1. Please give the number of the condition residue 107 fails out of (1) crowded, with 18+ Cβ neighbours inside 10 Å; (2) out of contact with any Cys (no Cβ under 7 Å at 6 or more places or on another chain); (3) under 23 Å from residue 158 (Cβ atoms); (4) not β-branched (Val, Ile, Thr).
2. Specify the residue that is surrounded by the most Cβ atoms within 10 Å (Cβ to Cβ); the eligible residues are those in region 93-104 that are outside any helix (DSSP H, G or I) and modelled with pLDDT under 95.
3. Given the residues 81, 72, 85, 36, which is the only one that is of a type in the set (Val, Ile, Thr) and touching a helix residue (DSSP H, G or I) at 6+ places or on another chain (Cβ under 7 Å)?
4. Tell me which residues, restricted to region 105-129, are among the β-branched types (Val, Ile, Thr) and either touching an Asp or Glu at 6+ places or on another chain (Cβ under 9 Å) or assigned to a helix (DSSP H, G or I) (or both).
5. If the requirement is being open to solvent by 60 Å² or more (accessible area, probe 1.4 Å), under 17 Å from residue 5 (Cβ atoms) and of a type outside the set (A, V, I, L, M, F, W, C), which of these qualifies: 87, 119?
6. Based on this model, can you work out whether residue 135 counts as at pLDDT 95 or above and surrounded by 14 or more Cβ atoms within 10 Å (Cβ to Cβ)?
7. Residue check, residue 5 against (1) over 28 Å from residue 157 (Cβ atoms); (2) modelled with pLDDT of 95 or more, all met but one. Which one?
8. If I filter region 53-78 down to residues being surrounded by fewer than 15 Cβ atoms within 10 Å (Cβ to Cβ) and assigned to a strand (DSSP E or B), which single residue comes out as modelled with the highest pLDDT?
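The values are calculated or read from the model by the stated rules, or taken from the named source; none is laboratory data. All of these numbers come straight from a predicted model, not from anything done at the bench. When we count neighbours, we look across all protein chains shown, and the Cβ atoms used for this are built from the backbone with ideal geometry, even at glycine. For accessibility, only protein heavy atoms count, side chains too; no ligands or nucleic acids. Shrake-Rupley method; radii C 1.70, N 1.55, O 1.52, S 1.80 Å.
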Amino acid sequence: TAQQWIAHVETRTLRETPRFAAHTNLLPLSLCKYLIEHARPRLSRAKVFDAAQGGLKMDPMRTNSTAAYSLIDTDVIMQLIRARIAHAAGVEFGALEPLEVLHYESGETYRHHVDFFHHSLPNYADEMRLRGQRVKTCLVYLNSNYDSGETEFPKLNMRFRGEVGEALVFDNVTPSGDGDLNTLHAGLPPKS
């Protein structure tokens, strides 16, 4: 059943503090291909959150493309995928941000950044009041036919490159709820 599929997740802990876990076969190849094909016509240049002005903006630190989906843009399959991601991450379904598919051509990158909101910055504080803190990140790797392109965590001396359908989930905040700067990471550019 769908409930059984959502709940059965193979997990291996990569590190305890901050917590990093890999989830083997979170998505089967067929669903990875489904997301890639569905996203392909929607891809546009990725943006970053503008801490000074609020909203999203283009920034040279991020050169990849993205396809973002609002709730009304998703279908039942995407909602089942989101439910499985919520279960793997250990968060409530309602706490998830919208589904987003990232694409990196050769040489494209997302330079070092953190995913948590800095509560001391006014527009981040507003975002947190509206949507809450980003306590975890879940990255699902949809393909593997590229060279390099790992997710790098320089403060932890760690790089991760998932197999097709594998997910990496990591905590963005400390147990006290403060942003964890050890989670600084980058999407390194693929060579091909």
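1. So the condition that residue 107 fails would be (1).
2. If we take residues in region 93-104 being outside any helix (DSSP H, G or I) and modelled with pLDDT under 95, then 96 is surrounded by the most Cβ atoms within 10 Å (Cβ to Cβ).
3. After ruling out the rest, the residue left standing is 81.
4. 114
5. Sole residue among the options that is open to solvent by 60 Å² or more (accessible area, probe 1.4 Å), under 17 Å from residue 5 (Cβ atoms) and of a type outside the set (A, V, I, L, M, F, W, C): 87.
6. So residue 135 fails the test.
7. (2)
8. Among them, the one singled out is 57.
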